[in-house]
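Coordinate-derived values only; no laboratory data. Everything numeric in this text was worked out from a predicted model, so none of it was measured. Every residue, glycine as well, gets a Cβ built from its backbone with ideal geometry; the counts of neighbours run over all protein chains shown.
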Amino acid sequence: MAVSLRARIGALAFLWGCALGSAQAVLPEFTQPKWRELSPQQREVLAPLAGEWDGMEAFRRKKWLGIAARYEKMTPEEQQRVQERMREWAKLAPEERRLAREKFKTLQKISPEQREALKQNWQDYQALPEEEKQRLKEKTLRRPPVSLVPPPPKEAPVKRKIAPPAKPATPAPASPPAPEPEPATASTGSSG
């Protein structure tokens with residue numbers, strides 16, 4: 001018995017849909033290689049992160065692997081800077097890393113003019129003699145830290161109009177009864 005072309009296409013479409021549905025239901029877990037699975041070149045570049053690599057989230061490992069892949073194309077100065085920053089990053093406590101990420105996100109949101117001004121300030125600072133840098137560091141340590149992230153707005157206290165307490169219902173003082181009108185006296189017509 002011959003099956004029509006339309007029936008075959010329908011059956012294929014059904015099977016394709018079933019295959020796609022099951023493929024979407026079983027997505028592979030997003031993983032990145034463990035430290036022992038890295039190439040020798042990757043391990044050399046990422047050496048400052050060796051102690052924490054296997055405990056790192058997959059998306060963070062992926063970011064560092066991207067840096068390692070670009071490492072060969074960097075200038076020696078850039079390579080040295082990357083290595084220094086990795087060593088500094090590895091020394092940071094989790095809370096310090098969280099703050100650093102927040103600052104980075106904030107800096108990404110500022111205008112190009114503000115970013116250029118910050119860059120210029122940093123270059124000016126780098127050009128200072130070491131004694132002046134040390135003096136500025138000490139001065140900065142004495143004052144409270146300044147955040148690049150503005151504090152959340154303070155909620156104004158809700159002002160409620162409070163009605164004065166109700167006075168207890170007391171009966172009104174009894175007033176003396178109104179005097180009764182005196183009966184009208186008839187005047188007698190006697191004279192005398």
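Structure values in brief
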{"item": "Using a Förster distance of 22 Å, the FRET efficiency for T140-L107 (Cβ separation, nearest 0.05)", "result": "0.75"}
{"item": "Cβ-derived FRET efficiency at R0 45 Å, R60 paired with E132, nearest 0.05", "result": "0.75"}
{"item": "Residue-span extension gain [E72 to R85] - 0.36 nm each, minus C-alpha spacing", "result": "3.0 nm"}
{"item": "Net charge of neighbours whose Cβ lies under 15 Å from the Cβ of L49, counting Lys and Arg as +1 and Asp and Glu as -1", "result": "+4"}
{"item": "Two-site FRET efficiency, R36 against E96, from Cβ-Cβ distance with R₀ of 30 Å, rounded to 0.05", "result": "0.60"}
